[in-house]
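What follows is a single structure, written as structure tokens, with notes after it.
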Amino acid sequence: MVSCKPMYKLVESRAIWTNQLNQLSSEYAIVSGTYDFPSMSTSEIRKAVIRPYRFERAVQFEEINPIHYRTTIEDEIVHWSKLAPGGRWLVTLSGPKRGQGPKFCRVWDLQSRAQVSEPYASLHIGQDDLGRDLVLRPDSDGKTFQVIFATQPPS
């Protein structure tokens with residue numbers, strides 16, 4: 001029979017949670033740069049492992065509140081967005097509220113600690129790209145992902 005103290009030490013073990021997060025990352029193609037293991041506490045790693053389950057439960061019970069994100073970009077509307085596996089990177093397709101003007105594909109780092117965020121990357125796109133499917137696919141190195149504008153989803 002195992003007492004509570006050894007069981008608690010096992011459950012709070014950094015190695016256990018790091019292993020779980022590595023398995024989760026592999027299973028859901030989360031790019032390796034999403035988590036900075038050396039700078040994360042065991043508690044932060046545990047929260048990252050549990051977060052998908054908690055999010056699923058919140059959606060199931062309609063406990064989701066809108067996310068407010070402050071940026072210096074004004075007069076722009078997001079036409080399409082997709083969250084990369086792991087939840088750190090958000091990719092948006094946006095254009096001016098008034099219709100005419102440049103359209104952009106922007107990549108946002110949701111773990112940025114800045115009070116007012118700027119895009120991590122921004123690319124000018126054509127009007128036709130707004131009507132295409134936005135696909136995020138991990139690169140073969142597992143450290144980055146590709147942003148693909150597809151007329152139909154790739155197989």
For this session: Give the stretch 110-155 a look and list any residue that's at pLDDT 85 or above and in a strand (DSSP E or B), or say none.
Result: Ala121, Ser122, Leu123, His124, Ile125
Problem set entry | Pairs, first surrounded by fewer than 16 Cβ atoms within 10 Å (Cβ to Cβ) in the stretch 114-134, second among the basic types (Lys, Arg) and assigned to a loop (DSSP other than H, G, I, E, B), C-beta under 8 Å, six or more apart | Gln115/Arg70; Val116/Arg70
Exercise. Within the stretch 77-85, is there a residue that is surrounded by 17 or more Cβ atoms within 10 Å (Cβ to Cβ), modelled with pLDDT of 80 or more and in a loop (DSSP other than H, G, I, E, B)?
Worked result: yes
Problem set entry | Of all residues making up the stretch 22-45, the number that are crowded, with 17+ Cβ neighbours inside 10 Å, of a type outside the set (A, V, I, L, M) and closer than 18 Å to Tyr120 by Cβ | 2
For this session: Answer yes if at least one residue in the stretch 98-112 is among the small types (Gly, Ala, Ser) and under 15 Å from the mean Cα position of the chain (by Cα), and no otherwise.
Result: yes
For this session: Only one of these is within 16 Å of Pro85 (Cβ to Cβ) and modelled with pLDDT under 80: Val31, Val49, Val2, Val11. Name it.
Result: Val31
Exercise. Of the residues that make up the stretch 18-25, is at least one within 20 Å of Gln111 (Cα to Cα), polar (S, T, N, Q) and in contact with a Lys or Arg (Cβ under 6 Å, 6 or more places away or on another chain)?
Worked result: no
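The values are calculated or read from the model by the stated rules, or taken from the named source; none is laboratory data. Only a predicted model underlies this, so the values are computations on that prediction, with no experimental measurement involved. As a convention, Cβ positions derive from the backbone with ideal geometry for all residues, glycine included, and neighbour counts pool all protein chains shown.
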